[in-house]
1. Quick one: what Rg and Dmax do you get for the stretch B:194-304 from the alpha carbons, in Å?
2. Could you please state, rounded to a whole Å, how far the C-alpha centre of the stretch B:139-157 is from the C-alpha centre of the stretch A:57-131?
3. Need one number: nm distance between label points at B:Lys131 and A:Gln33, each 7 Å from Cα along Cα→Cβ, rounded to one decimal.
4. Out of B:Leu50, B:Leu185, B:Leu168, any idea which swings most in a Gaussian network model of chain B, alpha carbons joined below 10 Å?
5. When chain B is modelled as a GNM with alpha-carbon springs shorter than 10 Å, which of B:Gly41, B:Gly201, B:Gly133 fluctuates the most?
6. Ranked from highest to lowest mean number of other Cβ atoms within 10 Å per residue, what is the order of the peptides B:191-197, A:65-71, A:194-200?
7. Can you list the equivalent-ellipsoid semi-axes of the protein assembly as shown, largest first and in whole Å, using the square root of 5 times each Cα gyration tensor eigenvalue?
8. Return the average number of partner chain Cβ atoms within 10 angstrom of each residue Cβ along peptide A:178-187.
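The values are calculated or read from the model by the stated rules, or taken from the named source; none is laboratory data. Computed from a prediction, not measured in an experiment: that's the story for all the values here. Don't worry about glycine lacking a Cβ; one is built from the backbone with ideal geometry, like all the others, and counts go over all protein chains shown. Quick note on the areas: whole protein, heavy atoms, side chains included, nothing else; ligands and nucleic acids left out. Shrake-Rupley method; radii C 1.70, N 1.55, O 1.52, S 1.80 Å.
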Amino acid sequence: MIRRPIPRWLVVLLGILGVFSLLAVYGGLSYRQSLVNEKQKVIPGLQAFGDGVTRMTAPQGSEETPKPSMLVTDLRATYWRLFLGTGLGVVLSVVVGIAMGAYRWIAAPLAPIISFLAKIPPTAMLPIYFVLVGSDQTMFTTMVALGIFFTMAQSVYQSIVNDVKDEAIDKAYTLGASDPEIVYEVIWKQVLPPILDNIRLQIGPAMIFLLAAEMLVGAEGMGYRIRMESRVLNMSIVYIYLCILGFTGLIGDWCLLWLRKKLCPWYDR
Amino acid sequence: MHALEIRNLSHWYGTRRILNKVNLTIAPGQIVALVGPSGCGKSTLLRAILGTDPPSEGEVLAEGRLVTEPNRDVGIVYQNYSLYEFLSAEENVAFGLKLDKTSLISRFIALPAYLRKRREHLQMARDFLKKVGLEAAMGHYPAELSGGMRQRVAIAQAFILQPKIVLLDEPFGALDEATREDLQLMLLRFYQENLKAKQRGERPQYTIIIVTHELNEAIYVADRVIGLSRFHTEGSQGAMVVYDRPCPVFHPDDPKDLSKFVEQREELRSAVFDPNYVKHHSKYVSFWDELSNDALAVAAMNSR
Ligand SMILES: Nc1ncnc2c1ncn2[C@@H]1O[C@H](COP(=O)(O)OP(=O)(O)O)[C@@H](O)[C@H]1O
Ligand SMILES: [Mg+2]
């Protein structure tokens, strides 16, 4: 029967089983590959992963001028870019989206431009960023920020149009609200949950843009490392980096869900 | 001073005239039912009074002050969208106090003072909710309330600021019969409070225009019924006030004696809703005359 409910313990058990069978299948494939070629690095086994971790975490540089390990350097670069870019893009798009939702004379000129630019894949715009902003830190931040700005500004604007009824605004005026109070107490409070959901949805695209840019022009960062290591078939490092990216997305997701529950207890009722 | 005064109000949508020279004065403490065929312009009139859709011609004065945009003098309760879903019941009721009595900046820079006021506001909101029979649901969000509870909260929300007048646009339209009667009783209790305030020589707190399509409801909750309609000798020019008469006042503890309604309901039906019954628009507009006749009669009685 479709949608027949199953008990909670079965959900958990099947979840664990899923993870283990994935690991088992991987182990099997890795073992078979090693029978063909003992030194294979395409589907590395435990031993190879151990070597990868050691190499990743080994301090770089010389005795006198020690540098952090590969992993630390990459994580620091990528997370900083991701954080700065996403933060900037979110703040910008929330401000612009709310301004558009509040004032028709702001929405009228901006809405067509934004909906057009939102349709161009940001990765396709990479060359433009290289030319205009160069290829340093600013470039990565700008491209992540702008990459999510257009879609997110558009959806913030749309949620205001859909969720904030004229009646809600008119009534706030009858309760003595000023214009800034309507923006903060009515519009902002009403669309905070969709905004948080939107940020959640933008983490994925933001990582895509950043990783793509790092693969093309980076000198450090996870995208750069994945490309370099896969060239020499050091797949253990590639897989670990991919896992880290996956967990980053998951944790970001959880944090925002948690935040939404804390800030908007009304939303899930 | 009149709670509300409408002078020669006309409204056009494009070239179509909806309202034609509506004139109306409402005294503090009156509960006025506004009835009329659907699409005749009742909501348009309310939006003009509210100030969200200012009239094409004429003016609206709330206690002598010209209404040009929505403000705290005129309150509103809608049929739907009546509450802010991100605020609990008590926060919804306290919302007006927060917006009207404190400013956005002071909430941030003078936080301790604001928090003190906030506690008072929430206490006032809870007291009002108790009065409308909602002490059990004060911390609940609108999504957790039934339709009838939501409308009670919305009514408390509008009245707590003590506006000059509150407009109710088909407030009970989506409720089931029993809930509807509970809410009608609540309005009757408000009316009794008005009478007591008048006896003490105070300004009555509840002045209401309630739009309804239920003639029984109109006669039951109001002390005055106004009919808006196109069915009169100037009909092509839009709706006018074609009916304005007092109606019997019920005490909340009285039984709802339907026989008292029959005559006036038939009168309303023909005067306001019957397209074939064309008459001069002022034929049934006699509220203030009837009132002053009563006053004269009372004066005559006293002088005897
Ligand atoms: N914004 C508008 N633009 C054009 N016509 C409108 C608008 N709002 C209402 N109308 C028309 O005005 C008439 C009166 O509407 P309304 O006041 O909502 O009627 P009621 O509330 O009495 O049912 C209706 O015929 C409606 O179609
Ligand atoms: Mg209407």
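1. 16.2, 50
2. Centre-to-centre (Cα) distance: 43 Å.
3. So the two model labels end up 7.6 nm from each other.
4. The residue that fluctuates most here is B:Leu185.
5. Checking each option, the largest mean-square fluctuation is seen for B:Gly201.
6. Put in order of decreasing packing, that is A:194-200, B:191-197, A:65-71.
7. Working: eigenvalues 902, 129, 100 Å².
In descending order, the three semi-axes are 67, 25, 22 Å.
8. On the way: counts 3, 1, 3, 7, 2, 1, 2, 8, 4, 0.
Rounded to a whole number, the mean comes out at 3.
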